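A short worksheet on the structure shown next.
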C-alpha cells in the first residue's frame, strides 16, 4: 500500500472470535449508549486491543465503558479506575474461573454497538476499499464514519430510531 514506514504499515492480526487471521488495520471506536461514535482510532492489526484503551484515561473521566472480550485485563481495568475513575466492564469468557453472566443492560448496549459495526461493514463496505495509500485509506474510513453520523442525526431530528440508518432518507 504505497510507501509506508514500519510503525504505521499494515500487519497481520488474529481474531479469536472468528478464529481467523487478517491483514490490515483495526478500528477502535468508543460509542455512546445510543450508538453514536464519540471517538475512534486505527491501529495495526497486530496491536493488542488493551494498548489502545490506555489512551482513554486522558480523554474521559468518571464513566463506565463497556468493552468486548479483547479488552479483558484486570490490571488495565484497575489502572483505568485508579487514574480516571473509568469502570471498564468486559464480559467474562466462558472458561474463566469466576464466570458470571453479563449484566442485561450491558449486554443490550454491546449488541447495539455490534449492530453498528455490522452496519458499517455491510452498508458502508468498511472492509472493502481500493485505497492506494495509507492516507487515502484513513480518509475513506473517516468519511464512512461521518456519513454514518449524519444519517444518525437525520434520524434524530425526524424522531426515528438512530440505528435505522438504512431508512434515514426515506
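The values are calculated or read from the model by the stated rules, or taken from the named source; none is laboratory data. In this text the structure is predicted, and so the values were computed from the model without any measurement. So basically every Cβ, Gly included, is an ideal-geometry build from the backbone, and we count neighbours across all protein chains shown.
Being out of contact with any strand residue (DSSP E or B) (no Cβ under 7 Å at 6 or more places or on another chain) and surrounded by 12 or more Cβ atoms within 10 Å (Cβ to Cβ): is that true of residue 55 here?
yes
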Check: When you go through 65, 141, 37, 150 one by one, which is the residue that is at pLDDT 90 or above and touching a strand residue (DSSP E or B) at 6+ places or on another chain (Cβ under 6 Å)?
Finding: 37
Item checked: Looking only at the range 155-170, and only at residues there that are part of a helix (DSSP H, G or I) and surrounded by fewer than 15 Cβ atoms within 10 Å (Cβ to Cβ), the one that is modelled with the lowest pLDDT -> 167
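Rundown of residues vs (1) assigned to a loop (DSSP other than H, G, I, E, B); (2) closer than 22 Å to residue 117 by Cβ, yes/no style:
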{"residue": "8", "(1), (2)": "yes, no"}
{"residue": "17", "(1), (2)": "yes, yes"}
{"residue": "28", "(1), (2)": "no, yes"}
{"residue": "33", "(1), (2)": "yes, yes"}
{"residue": "38", "(1), (2)": "no, yes"}
{"residue": "42", "(1), (2)": "no, yes"}
{"residue": "81", "(1), (2)": "no, no"}
Next item on the list: Among what's in the range 121-147 and is touching a helix residue (DSSP H, G or I) at 6+ places or on another chain (Cβ under 6 Å) and either in a helix (DSSP H, G or I) or touching a residue at least 24 places away in the same chain (Cβ under 8 Å) (or both), pick the residue that is surrounded by the fewest Cβ atoms within 10 Å (Cβ to Cβ).
Entry: 131
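Among 93, 87, which is surrounded by fewer than 17 Cβ atoms within 10 Å (Cβ to Cβ), outside any loop (DSSP other than H, G, I, E, B) and touching a helix residue (DSSP H, G or I) at 6+ places or on another chain (Cβ under 7 Å)? Reasoning before the result, please.
Details: 93 fails: outside any loop (DSSP other than H, G, I, E, B).
Just a single option satisfies the conditions, and that option is 87.
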Check: Being under 16 Å from the mean Cα position of the chain (by Cα), assigned to a helix (DSSP H, G or I), closer than 15 Å to residue 28 by Cα and in contact (Cβ under 8 Å) with a residue 12 or more places away in the chain, is that true of even one residue in the range 60-68?
Finding: no
Margin query: Considering only the range 109-119, I want to know if a residue exists there that is in contact with a strand residue (DSSP E or B) (Cβ under 6 Å, 6 or more places away or on another chain) and in contact (Cβ under 8 Å) with a residue 60 or more places away in the chain.
Written below: yes
Notebook entry, point to check: Do you know which residues across the range 122-133 are under 17 Å from residue 43 (Cβ atoms) and modelled with pLDDT of 85 or more?
Noted result: 126
Check: List the pairs whose first member sits in the range 76-98 and is on the phi > 0 side of the Ramachandran plot, whose second member is at pLDDT 75 or above and part of a loop (DSSP other than H, G, I, E, B), and whose Cβ atoms are under 7 Å apart, counting only residues at least 6 apart or on separate chains?
Finding: 85/61; 85/62
